[in-house]
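Undergrad: Please read through the structure below; I'll follow up with questions.
The values are calculated or read from the model by the stated rules, or taken from the named source; none is laboratory data. Keep in mind that this is a model prediction, so the values were computed, not measured. Ideal geometry is used to build each Cβ from the backbone, glycine not excepted, and the neighbour counts take in all protein chains shown.
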Amino acid sequence: MEVTKVDDGKRSFKGRGVGLALVGLTGGTAVVLSVVAAPFVAPALRKVCLPYVPATTIQVNNVLRALRGRSGTLVDLGSGDGRIVVAAAREGRFKCTGIELNPWLVWYSRWSAWRVGVSSNTTFTTADLWRTNLTPHSNIVVFGVQEMMPDLEAKLEKELSSDGCVVACRFPFPSWTPTATLGEDIDTVWLYQRPKITVTQDNGRPAQENDCMARDTHHNT
Ligand SMILES: C[S@@+](CC[C@H](N)C(=O)[O-])C[C@H]1O[C@@H](n2cnc3c(N)ncnc32)[C@H](O)[C@@H]1O
Ligand SMILES: *[C@@H]1O[C@H](CO)[C@@H](O)[C@H](O)[C@H]1NC(C)=O
């Protein structure tokens, strides 16, 4: 997948309004979305752009397979057109939320959930995933870019509930050890579970169980 690095200093945001309208009309392009998204992204992540690249059907199925047997709340970070959220809601075991910066994609997602009759179990929020507390969600799905995975790993270390799990699409987390890997190539998804999230040390010593289980998590359901 293509990763666009935005140099804040050199890019002009003059065309933002037009860009936004175009995104609404056409479904958007990665470049326009990156420009639109850039000003909202937290300072530490200014250089990382997360473009709109919809999951493939195989990828969506791999996510659902990874979540087999699970239930409760589910969130897709950067939910795009809502396809993962809607597919998960159709399983009937989840209360699903999509968090997405682009309001046009949020409205499209709501419509798409309504169309297949899962509106009551889906919520789409126009919000920045970096400014959203993820503690209330027991199942977290993300299809991001490689550059953001270290920061997301750090955020989830703090916010993932003790019984929580994370499904990462296309790009795995840098230090956690997955409990399952499903699919292959660009459709690969990795499943991580809280008690089993282990951190590989730099010195090559065996991976060590992290102590997040012992930590106080503010888990409100
Ligand atoms: C690679 S797409 C994945 C879309 C969807 N999850 C799927 O799998 O089909 C990433 C999405 O994240 C959104 N996004 C980018 N930065 C974001 C942020 N800081 N907060 C929330 N969403 C963001 C983009 O607009 C884009 O729609
Ligand atoms: C919504 O989810 C509940 C379980 O959380 C399920 O019983 C119900 O059938 C779901 N509704 C729809 C429309 O899928």
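Undergrad: Name the residues in segment 65-81 that are more than 15 Å from ligand 2 (Cβ to nearest atom) and farther than 17 Å from Val189 by Cα, would you?
TA: Listed by number, the residues that qualify are Gly80, Asp81.
Undergrad: Can you pull out the strands (runs of 3 or more DSSP E) entirely within segment 90-155 that have at least 1 residues that are farther than 16 Å from Pro54 by Cα, away from ligand 2 (no atom under 16 Å from the Cβ) and modelled with pLDDT of 95 or more?
TA: Values: elements: 94-100, 122-126, 139-143.
So the answer is 122-126, 139-143.
Undergrad: Can you pull out the residues in segment 107-119 that are over 24 Å from Val189 (Cα atoms) and either aliphatic (A, V, I, L, M) or surrounded by 24 or more Cβ atoms within 10 Å (Cβ to Cβ) (or both)?
TA: Val116, Val118
Undergrad: Then there is this: Out of segment 120-135, which residues are more than 9 Å from ligand 1 (Cβ to nearest atom), surrounded by 18 or more Cβ atoms within 10 Å (Cβ to Cβ) and more than 12 Å from Gly82 (Cα to Cα)?
TA: Asn121, Leu134, listed by residue number.
Undergrad: Which of (1) within 15 Å of ligand 1 (Cβ to nearest atom); (2) touching a residue at least 60 places away in the same chain (Cβ under 8 Å); (3) in contact with an Asp or Glu (Cβ under 9 Å, 6 or more places away or on another chain) is the odd one out, the single condition Ser138 does not satisfy?
TA: Result: Ser138 passes all but (1).
Undergrad: Hey, can you tell me all the residues within segment 65-89 that are surrounded by fewer than 18 Cβ atoms within 10 Å (Cβ to Cβ) and assigned to a helix (DSSP H, G or I)?
TA: First pass over segment 65-89, keeping only residues surrounded by fewer than 18 Cβ atoms within 10 Å (Cβ to Cβ): 65, 68-69, 71-73.
Within segment 65-89, Arg65 is the sole residue that qualifies.
Undergrad: Is it fair to say Leu45 is under 23 Å from Leu156 (Cβ atoms), at pLDDT 95 or above and hydrophobic (A, V, I, L, M, F, W, C)?
TA: Working: under 23 Å from Leu156 (Cβ atoms): yes; at pLDDT 95 or above: no; hydrophobic (A, V, I, L, M, F, W, C): yes.
When the stated conditions are applied, Leu45 does not pass them.
Undergrad: Enumerate the pairs (first residue in segment 178-194 and at positive phi; second residue anywhere and crowded, with 17+ Cβ neighbours inside 10 Å) with beta-carbon separation below 6 Å, excluding pairs fewer than 6 apart on the same chain, so at least 6 apart or on different chains.
TA: Gly183/Asn62; Gly183/Val189
Undergrad: Here are some residues: Ala113, Ala127. Which one is among the small types (Gly, Ala, Ser) and closer than 23 Å to Asp151 by Cα? Full working, then the answer.
TA: Working: Ala113 fails: closer than 23 Å to Asp151 by Cα.
Just one listed residue meets the conditions, Ala127.
Undergrad: Continuing with this model, one more query. Starting from residues that are closer than 21 Å to Glu153 by Cβ and among the β-branched types (Val, Ile, Thr), keep the ones in segment 65-118 and report whichever is farthest from ligand 1 (Cβ to nearest atom).
TA: Thr73
Undergrad: Exactly one of (1) in a helix (DSSP H, G or I); (2) touching a Pro at 6+ places or on another chain (Cβ under 8 Å) is unmet by Ser162. Its number?
TA: It is condition (1) that Ser162 fails.
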